[in-house]
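Asker: First the structure, then my questions, so here it is.
What follows draws every value from the coordinates through simple rules; no lab data is involved. Owing to the predicted nature of the structure, the values given are computational and were not obtained by experimental measurement. Backbone-built Cβ (ideal geometry, glycine too); neighbour counts: all protein chains shown.
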Amino acid sequence: MTEFAFSAGSKSSAGTKVILTSGSNFNSAKFLSAEELSSLKSAARSQQFEGKAGSFVEVYNGKTRIVAAGTGSKPTALELQILGGKLYKKINAEANVAVYVPADKKASLSVAETAYNLALGIELGGYRFDKYFTKKPENSYPKLEKVEFFGETPIDAQGFNAYQAVAASVRYARDLCNEPANHLTPEIYAADIKRLEYLGIDITILDEGKLHDLGMDMLLSVSKGSVNSPRVAVLQWKGAKDRKEFDLGLVGKGVTFDSGGISLKPSANMGDMKGDMTGSAVVVAAVKAAALQKLPVNIAGVVGLVENMPSGSASRPGDVVASMSGQTVEIVNTDAEGRLVLGDCLWYIQEKFGVTKIIDVATLTGSTMMTFGFEYAGLFSNDDKLSAQLEKCGELSGEKLWRLPVTADYDKLIDSDIADMKNTGPRLAGGITAACFLQRFIKPGVKWAHLDIAGVDKDEKGHPLTPKGATGFGVRVLNRLLQETK
Ligand code: BES
Ligand code: MN
Ligand code: ZN
C-alpha cells in the first residue's frame, strides 16, 4: 500500500510533481517554479493539451519531472478515482510523488474530496497480487511509496480515513479471490475471517457438526464430496449500539473451488473457479469497511464456505436433500451448487437475526455473465425501493447494476416432480431461475436483493481501477449503501 500524506503549503522537493488542471491555464501557486510552469505551458501548447479528463502532458527539466493531469470540468468522485488509477501507471516507477490540487470555484467537489478520490483511485489501480513470485522483475516492479498532496486550501488528513477503509477492504477482497484454492480451503478462509475480530466485529465460525445440527443439509450436500470440510462464518457489526435490530443482512457465496461436482465442468478455464467465493469475500470486506469507518449501522453477515468436488462421497444428480427451511430440493445438476449454499445461509440469517432487509452476493450463473459481460452485475429483487437505491449506488460507485425480473412465470420452471423444487430450470433464463430459487428462501415481508456478479468478479484485460485479476466487485456499491443507511 502506498502512504498518503496531506500537507499544508505548496513547497515540495519530490522528484515528480503532479498538478491537476481542468484546462490549459495552470493554477500552480508556488508549487511549480516560474521556469517549471513555463516549460509545462509550452509543452501543453505544442501537444494541444486542454485538460480533458484522463489526459496528461509532462516535461522533464533534468531534475524534476512535472506531470499535468487533466480532470475535465466538474469531475465526479468516480471520474477522479479513474484519473487516479490512470495516474498510478504514470508515476509507479517513482518513489515519492507530490500532487498539487488547485481550488476550482466551478468544481462540485472540494479540494480535499478531490485529493481523497484521486488517492483512492491510486490505491485501487495500484493493486497487485504478487505473493507467489519468488523473484520480482527488477525493472517493471512498482517503486511508489509515498504520495503527498498539497491543496490550495488545507486538506484534513482525517477525512481520508473513509476512503482508505474502502481501498483496504477492496484490496482485501481481491487478495482472497486471487488466492488459489489449495491455499484457501473453507477452514483456512474461516480462520482468516476470524482475524477481523480485532476491528470490533463479532465473528462466529460454524463447523460441520454445528451445520449438521442446524439442519443445513442443502449446504452440506455441496461439500460432501470434498476432503475439505465446510464452514459458515457469521459476522456482526453493531455500529448503532442503541438499537437492537439489524439494518441489513448480507449473505455471500463462498465456494472456494467449484469443479461442478459429479456434473463436472469442462477443464478449460476451470481454474477460474477458485474465484467462486467472491460473493463471500465481498460481504466480509463490506463488513470490514463498515467497521474501519465505525459506521453507525448494525449489519449481520453470513457466508457459506464450501468446496464443490466430485468423489465417491459427493452428491449425485437426482439426489433429494432437505434444507434448513424444511423445503426439499431435487439436485438435478451438482454444478448449480451456489444456490444450495445460499438458500441455507439466507434462511439462517433470517431465523437467527430476524433481519428484514437482505442483500446476497454471488458468482451464481454463467447465464448472467453471458447477458452482461463485464459491464453490469445482475440485480434481482422483490423490492423496487431497494433496487432503485442499489442501482443509484452502483452508478455512483462505478459498480453498475442492472435489474432483471423475478416473476412467478419463471419461478414455476423450478418446480420438481418429486420434491418441493429442483436446483435448475431449463437451459434458458438461468440467471433468473437461480434468483427464483433463492427467493424461495426469503420469508414473507423481507426485502431482498440478489447480486449475480459472475463475470464482473474478474477483469480479464485490466482497467484504471481494476488491474487484471479479481476486482472485488460489490464492496464499493455495498459500502455506498451502508454509508447512506447510517
Ligand atoms: N460458479 C458457477 C457460475 C459461474 C460461471 C461463475 C462462470 C463465474 C463464471 C455456478 O456454480 C455454476 O456452475 N452455474 C451453472 C448453473 C447451471 C448448471 C444451471 C451455470 O451457470 O452454468
Ligand atoms: Mn457451479
Ligand atoms: Zn459455483
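Asker: Which residues does a label at residue 39 reach in the stretch 84-101, if reach means a backbone N under 16 Å from a point 7 Å past the Cα toward the Cβ?
Answerer: Backbone N within reach: none found.
Asker: Run the dipole for the stretch 26-77 about the Cα centre, Lys and Arg Cβ at +1, Asp and Glu Cβ at -1, nothing else charged, and hand back the magnitude in debye, nearest 20.
Answerer: Details: 7 positive and 4 negative charges, 15 e Å.
Using Cβ point charges on Lys, Arg, Asp and Glu, the stretch 26-77 gives about 80 debye.
Asker: Please rank 303, 282, 355, 57, fewest neighbouring Cβ atoms within 10 Å first, as an exposure proxy.
Answerer: Details: 303 31, 282 34, 355 25, 57 22.
Arranged by neighbour count, lowest to highest, 303, 282, 355, 57 become 57, 355, 303, 282.
Asker: Compute, for the chain, the length of the dipole vector about the Cα centre, with Cβ point charges of +1 (Lys, Arg) and -1 (Asp, Glu) only. Units Debye, rounded to 20.
Answerer: Numbers: 56 positive and 56 negative charges, 314 e Å.
In debye, rounded to 20, the chain gives about 1520.
Asker: Quote the charge dipole size of the stretch 320-423 about the Cα centre in Debye, to the nearest 20; the model charges only the Cβ of Lys and Arg (+1) and of Asp and Glu (-1). Could you put the intermediate results ahead of the total?
Answerer: Details: 9 positive and 17 negative charges, 63 e Å.
With Lys and Arg at +1 and Asp and Glu at -1, about 300 debye.
Asker: Residues in the stretch 344-380, backbone N under 13 Å from the label point at residue 245 (7 Å along the Cα-to-beta-carbon vector): list them, ranges by number please.
Answerer: It comes to 354-358, nothing else.
Asker: Helix-derived [θ] at 222 nm for the chain: sum -39500 (n - 2.57) over DSSP H runs of at least 4, divide by residue count, nearest 500? Before the final figure, lay out each step's value.
Answerer: Values: 14 runs with 162 residues, N = 486.
Dividing the helical sum by the residues of the chain leaves -10000 deg cm²/dmol.
Asker: What is the stretch 56-141's relative contact order, in percent, from Cα pairs under 8 angstrom and six or more apart in sequence?
Answerer: Rounded, it is 32 percent for the stretch 56-141.
Asker: Suppose R0 equals 56 Å; then what is the FRET efficiency for residue 357 and residue 63 from their Cβ-Cβ distance, rounded to the nearest 0.05?
Answerer: Numbers: r = 57 Å, r/R0 = 1.02.
The pair residue 357/residue 63 has a calculated efficiency of 0.45.
Asker: Just going by the charge dipole of the chain, with Lys and Arg at +1 and Asp and Glu at -1 on Cβ, which of 220, 88, 329 is farthest out on the positive end?
Answerer: Towards the positive end, the residue furthest out is 88.
Asker: Roughly how many nanometres apart are two label points built 7 Å out from the Cα toward the Cβ at residue 11 and residue 161?
Answerer: Roughly 3.1 nm, to one decimal.
Asker: Towards the positive end of the charge dipole of the stretch 68-202, with charges on Cβ (+1 Lys, Arg; -1 Asp, Glu), say which of 121, 162, 139 has the farthest Cα.
Answerer: Going by the charge dipole, the pick is 139.
Asker: Please state the relative contact order of the chain as a whole percent: Cα pairs under 8 Å, 6+ residues apart? Don't jump to the answer; show the numbers that get you there.
Answerer: Details: 1151 pairs, mean separation 72.3, N = 486.
Over the chain, the number comes to 15 percent.
Asker: Peptides 173-183, 358-368, 195-205: what's the order by average Cβ count within 10 Å, highest mean first?
Answerer: On the way: 173-183: 19.9, 358-368: 26.5, 195-205: 14.6.
Ranking, from highest mean packing down: 358-368, 173-183, 195-205.
Asker: Quick check on the chain: what are the equivalent-ellipsoid semi-axes from the Cα gyration tensor, as sqrt(5λ), descending, whole Å?
Answerer: On the way: eigenvalues 413, 96, 80 Å².
Semi-axes (√(5λ), whole Å): 45, 22, 20.
Asker: List the relative contact order of the stretch 247-403 as a percent without decimals, with contacts defined as Cα pairs under 8 Å and 6+ residues apart. Before the final figure, lay out each step's value.
Answerer: On the way: 264 pairs, mean separation 46.5, N = 157.
With pairs under 8 Å counted, the relative contact order is 30 percent.
Asker: Loop-only check: which GluC sites (Glu not before Pro) in the stretch 395-464 are DSSP coil with at most 14 other Cβ within 10 angstrom?
Answerer: Details: sites: 395, 399, 460; in loops: 399, 460.
In loop regions of the stretch 395-464 (DSSP not H, G, I, E or B), the sparsely surrounded GluC sites (Glu not before Pro) are 460.
Asker: Quickly work out the residue 459-to-residue 136 label distance, labels modelled 7 Å from Cα along the C-beta direction, and quote it in nm with one decimal.
Answerer: Each label point lies 7 Å from its Cα, and together they span 2.1 nm.
Asker: In whole Hz, with x marking every Gly and Pro, tabulate ³J(HN,Hα) for the stretch 207-214 from phi via Karplus 6.51 cos²θ - 1.76 cosθ + 1.60, θ = phi - 60°.
Answerer: 9, 4, x, 5, 5, 5, 4, 6
Asker: Also, quick follow-up: Pairs 106/241; 11/89; 143/294; 90/458: which are spaced more than 30 Å apart, C-alpha to C-alpha? Let's see the in-between values first.
Answerer: Numbers: 106/241 41 Å; 11/89 24 Å; 143/294 32 Å; 90/458 24 Å.
Long pairs (Cα-Cα over 30 Å): 106/241; 143/294.
Asker: Something else: Using the Cα centre of the chain as origin and beta-carbon charges of +1 (Lys, Arg) and -1 (Asp, Glu), tell me which of 438, 353, 398 is placed farthest towards the positive end of the dipole.
Answerer: Selected residue: 398.
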